[in-house]
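In what follows, a structure is listed as structure tokens, so that the remarks can point back to it.
Quick note: the coordinates plus some simple rules give every number you see, no bench work behind them. Keep in mind it's a predicted model, so treat the numbers as computed, not measured. Glycine also receives a Cβ, built like all others from the backbone with ideal geometry; neighbour counts cover every protein chain displayed.
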Amino acid sequence: MSHLEQMPLTIERGTIQSGSFSLGYSIEGAGTPVLVIGSAVYYPRVFSQDLRRSLKLIFADHRGFAPSSGEENPDYSLERVLADIDLVRSRLGLDKIVILGHSGHGYMALEYAKAYPQHVSHVVMLATGPSHSAAHMAVLERSWQEAACPERKARLDADMATLGAAIAATPERRFIAYCVKMGARSWFDHTFDAGPLWDGVHVNMPLFDFMWGEVFRDIDIAKGLDKLNAPVFLGLGRFDYLVAPSPTWDAYRPHFHDLTVRIFDKSSHTPQFEESDVFDSELLGWLSSRQ
């Protein structure tokens, strides 16, 4: 065991103010800085401790997960979210970063790299489809109907029967209720209860309604890729039934200067958690090969 492996991992937490929003962050580990977009409460729970011995993981809220002092008609645009990400980067004294986004946050990571290329060395997108358009969602539904086993479908039916009551109980947390109840579509082990991963996570539903319901529905990720030189790693789970399946990426591959696609065989929507050893090895190997 190396000296580094024996050292306790340090954690630095704090907040950065952006208007009325308090963006939380948690800096964990040592090595190349990787800015993980999303919730500074949820995302530390789904990346391995071992990865923190090779990378400095900076988990940062966007304003969809950040407490607010109250603001009438707050700005939930993608451009504002990207500016907040850059604010976090700047306040933490980071110059070049690896930008990482999981699920819908993969779009944020890619669009940040396009908007602020001088600060991005690598882009990592995990469990992200090309868009949430009707066409891509139709391919997803066909994949679910044709490939999902009866046990998965039965579990989903049972969980969907209780989704309405869960949302009615805490409507302000309906995004979380939806994520938990969609477990049969989002975990390799379709019986896995993701509820504890969401404990203590704050959500601002207007951002999710707008971003996931409109922005990611209409997004054209090919736009601006001709000017993006940073290498991109796309990690997908073979059993992911939340986003459009991997073949839908084929039309977009030629637009990337340097795209690596890795499909994880025993994962669904969160390969960094479901196959952490394999994921860590693949990500670190890719980063090393793209120095």
Amide hydrogen neighbours beyond the local backbone of PHE264, cut-off 5 Å, H modeled: LEU236, GLY237, ARG238
Amide H contacts under 5 Å for LEU126, placed H, 5+ residues apart: GLY101, HIS102, SER103, GLY106, GLY235
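Using 25 Å as the Cα-Cα cut-off, could you pick out the over-long pairs in LYS153/LYS266; LYS223/LYS266; LYS56/LYS114?
Working: LYS153/LYS266 18 Å; LYS223/LYS266 32 Å; LYS56/LYS114 23 Å.
Flagged as over cut-off: LYS223/LYS266.
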Within the range 1-131: Cβ-based charge dipole about Cα centre, in debye rounded to nearest 20 (Lys, Arg +1; Asp, Glu -1): 320 debye
Projected label distance in nm at SER48 and MET160, using a 7 Å step from Cα toward the beta-carbon: 3.5 nm
Mean-position separation - Cα centroids, the range 201-234 and the range 253-278, in angstrom: 18 Å
Lys, Arg +1 and Asp, Glu -1 on Cβ, resulting dipole of the chain about Cα centre, debye, nearest 20: 240 debye
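Subtracting the Cα-Cα distance from 0.36 nm times the residue separation, let me have the gained length for SER69 to ARG217 in nm, one decimal.
50.3 nm
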Karplus-derived HN-Hα couplings along the range 16-25 (A = 6.51, B = -1.76, C = 1.60, θ = phi - 60°), whole Hz, x at Gly and Pro: 10, 7, 10, x, 8, 9, 9, 7, x, 9
Among SER26, LEU87, GLY38 - extreme Cα towards positive end, dipole of the range 17-149, charges at beta-carbon: SER26
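Output the antiparallel fraction of DSSP beta bridges having both residues in the chain, as a percent to the nearest 5.
Of the beta bridges lying entirely in the chain, close to 35 percent run antiparallel.
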The chain - mean residue ellipticity at 222 nm from DSSP helices (-39,500 (n - 2.57) per run, n ≥ 4, rounded to 500): -10000 deg cm²/dmol
Interchain or long-range residues, amide H under 5 Å from ILE219's placed H: HIS132
Separation of the LYS153 and GLU12 label points, Cα + 7 Å toward Cβ, nm: 5.2 nm
Mean projected area (nm²) of the alpha-carbon convex hull when the range 238-291 is viewed from all directions: 4.2 nm²
Relative contact order for the chain, counting Cα pairs under 8 Å that sit 6 or more residues apart, in percent: 19 percent
